[in-house]
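The values are calculated or read from the model by the stated rules, or taken from the named source; none is laboratory data. Bear in mind the structure is a predicted one, so any value in this text is a computation, not a measurement. Cβ atoms come from the backbone with ideal geometry, glycine included; neighbour counts cover every protein chain shown.
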Amino acid sequence: MVTIIKNVACFSPKYLGVKDICVMENKIASITDPGKLDLKGSGIRTLEAEGLLAFPGMIDGHVHIIGGGGEEGFESQIGEIDGTEILKAGITTVVGLLGADGLTKSLYSLLAKAKALESEGISTFIYSGSYALPPVTFTGDIAKDMVLIDKVVGAGEIAISDHRSSHPDIQELLALSSKVHMGSLIGGKAGLLHLHLGDGKTGLSLLHQLLEHSDLPMELFLPTHINRNPVLFEQGIAYVRQGGNIDLTSGEEQGLSIPEAIQKLIQEEINLQQVTVSSDANGSIPDGGVGKIRTLFDDVIRCITETRLSPELVFPLVTAYPARRLKQYPQKGILAAGSDADILLLNANYEIETLFAMGELKIHNKSFLGKEGNNWNMQQDV
Ligand code: ZN
């Protein structure tokens with residue numbers, strides 16, 4: 001199947017101008033000036049996209065795809081995420097993980113769900129481990145998990161500075177970090193130690209000690225929820241200045257919202273390439289709520305429409321930069337020839353019109369098509 005998306009304003013996420021995008025099977029074959037492609041024949045469909053804006057499909061690096069454990073007993077457990085919900089939020093890649101509940105929620109279910117989502121066209125990765133140390137694993141060893149299981153990109157979310165953490169000491173964290181580092185080297189993986197930060201007193205101090213007492217690369221660590229309170233956010237800014245990467249959580253209501261946080265980072269002249277945003281979807285929120293995946297898209301759009309930041313500045317936080325963290329760039333996170341055909345088309349009001357996930361048409365004219373998308377003939381439609 002070949003699809004030509006015509007006359008679309010392309011944000012790679014860098015603005016490329018108005019272009020034609022040619023999609024062949026699950027890849028972007030070319031991005032050319034309008035009218036340059038002269039392909040005709042059966043199996044070629046055309047989408048006239050004048051007035052629309054194209055972005056890479058969004059990457060959500062922190063999703064409780066099988067649901068987090070609730071914090072008020074079994075009846076408060078959170079359910080699995082629906083693939084439809086992910087795609088309707090403009091997201092084409094997710095990283096699944098366990099959270100506080102590594103007891104009744106298992107890595108086996110996590111891997112099975114990641115594979116099920118992939119059959120719906122969503123690209124998936126997972127972390128081994130949960131909040132607690134010693135970590136839950138598939139094979140008894142995080143490094144072995146990373147080397148032997150394709151989808152495992154590291155360990156997470158390991159909790160520090162939180163009353164729900166296992167209160168790991170520096171030696172325990174060092175041992176785990178070394179495993180993740182070796183797993184990444186041997187398995188050719190991203191190799192991330194994804195650290196959940198709570199509202200605890202110690203903040204990022206344990207991470208600083210760990211870096212002082214080891215020769216591990218700083219890029220191994222990806223602390224998240226950094227915008228959950230102003231003190232932690234200030235520590236996060238200092239950590240980025242020292243060369244570290246941080247992850248922020250969308251839908252934040254107690255601490256700094258994403259538009260507030262990004263504006264502050266820009267004022268502080270922080271290099272946004274070291275910053276990503278994820279949703280914490282289907283995880284439990286301390287006040288009894290549940291994280292929603294849609295907040296990722298909504299917060300990104302609020303940065304553009306309310307805070308008046310440029311799409312070129314904001315979209316990399318959920319496309320190019322998480323793709324780099326996952327070592328999936330330029331396969332993911334960019335619109336370019338040879339990249340995966342994960343393409344999000346928005347209208348001038350920044351509403352989702354169309355979505356391709358791995359070349360499959362999932363949303364068109366604001367309607368969710370699901371598996372029917374493969375049979376959709378766009379020419380009938382324009
Ligand atoms: Zn968390």
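All but one of (1) touching a residue at least 40 places away in the same chain (Cβ under 8 Å); (2) not in a strand (DSSP E or B) hold for Ser42; which doesn't?
All conditions are met except number (1).
Tell me which residues, restricted to region 147-156, are more than 16 Å from the ligand (Cβ to nearest atom), within 30 Å of Arg228 (Cβ to Cβ) and not in a loop (DSSP other than H, G, I, E, B).
Once the filter is applied, which keeps residues that are more than 16 Å from the ligand (Cβ to nearest atom), within 30 Å of Arg228 (Cβ to Cβ) and not in a loop (DSSP other than H, G, I, E, B), region 147-156 yields Val152, Val153.
Considering only residues that are out of contact with any Asp or Glu (no Cβ under 8 Å at 6 or more places or on another chain), more than 20 Å from Ala155 (Cβ to Cβ) and not small (Gly, Ala, Ser), which ones fall in region 206-247?
Hits for region 206-247 are Glu212, Pro230, Val231, Phe233, Glu234, Gln235, Val240, Arg241, Gln242.
Would you mention how many residues in region 228-241 are within 14 Å of the ligand (Cβ to nearest atom) and within 21 Å of the chain's Cα centre (by Cα)?
Selection size over region 228-241: 1.
If you take the residues of region 269-282 that are part of a loop (DSSP other than H, G, I, E, B) and out of contact with any Leu (no Cβ under 6 Å at 6 or more places or on another chain), which of them is farthest from the ligand (Cβ to nearest atom)?
Residue satisfying both the conditions and the ranking: Glu269.
Condition check ((1) at pLDDT 95 or above; (2) over 30 Å from Leu47 (Cα atoms); (3) not acidic (Asp, Glu)) across all residues:
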position: Glu260; (1), (2), (3): yes, yes, no
position: Glu268; (1), (2), (3): yes, yes, no
position: Ile301; (1), (2), (3): yes, no, yes
position: Gln328; (1), (2), (3): yes, no, yes
position: Glu351; (1), (2), (3): yes, no, no
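Looking at (1) over 30 Å from Leu369 (Cα atoms); (2) in a loop (DSSP other than H, G, I, E, B); (3) more than 16 Å from the ligand (Cβ to nearest atom), which is the only condition Lys144 fails?
(2)
Every residue, every condition in (1) in a strand (DSSP E or B); (2) away from the ligand (no atom under 14 Å from the Cβ), yes or no:
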{"position": "Ala175", "(1), (2)": "no, yes"}
{"position": "Lys189", "(1), (2)": "no, yes"}
{"position": "Gly200", "(1), (2)": "no, no"}
{"position": "Leu210", "(1), (2)": "no, yes"}
{"position": "Leu222", "(1), (2)": "yes, no"}
{"position": "Gly243", "(1), (2)": "no, yes"}
{"position": "Glu252", "(1), (2)": "no, no"}
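Report, by residue number, each residue of region 94-141 that is more than 16 Å from the ligand (Cβ to nearest atom), over 21 Å from Asp342 (Cβ atoms) and charged (D, E, K, R).
Asp141 - this is the single residue of region 94-141 that is more than 16 Å from the ligand (Cβ to nearest atom), over 21 Å from Asp342 (Cβ atoms) and charged (D, E, K, R).
Out of Gly61, Gly83, which single residue is within 22 Å of Ala357 (Cβ to Cβ), small (Gly, Ala, Ser) and surrounded by 24 or more Cβ atoms within 10 Å (Cβ to Cβ)?
Within the list Gly61, Gly83, the selection yields Gly61.
Would you mind telling me which numbered condition in (1) on the phi < 0 side of the Ramachandran plot; (2) surrounded by fewer than 19 Cβ atoms within 10 Å (Cβ to Cβ) Tyr239 fails?
(2)
Within region 276-293, does at least one residue satisfy the condition of being of a type outside the set (Gly, Ala, Ser), in contact with a helix residue (DSSP H, G or I) (Cβ under 6 Å, 6 or more places away or on another chain) and without any contact (Cβ under 8 Å) to a residue 60 or more places away in the chain?
Yes; the residues of region 276-293 include at least one that is of a type outside the set (Gly, Ala, Ser), in contact with a helix residue (DSSP H, G or I) (Cβ under 6 Å, 6 or more places away or on another chain) and without any contact (Cβ under 8 Å) to a residue 60 or more places away in the chain.
Working carefully through the options Val136, Val95, find the one that is closer than 30 Å to Glu372 by Cα and of a type in the set (A, V, I, L, M, F, W, C).
One residue alone meets the criteria, Val95.
Is there any pair linking a residue in region 157-170 that is free of Cβ contacts under 8 Å to residues at least 12 places away in the same chain and away from the ligand (no atom under 11 Å from the Cβ) to one that is of a type in the set (Phe, Trp, Tyr) and assigned to a strand (DSSP E or B), with Cβ under 9 Å and at least six apart or on different chains, and which?
No pair meets every condition.
Can you tell me which residues in region 161-173 are more than 16 Å from Leu222 (Cβ to Cβ) and either modelled with pLDDT of 95 or more or assigned to a helix (DSSP H, G or I) (or both)?
Of everything in region 161-173, those that are more than 16 Å from Leu222 (Cβ to Cβ) and either modelled with pLDDT of 95 or more or assigned to a helix (DSSP H, G or I) (or both) turn out to be Ile170, Gln171, Glu172.
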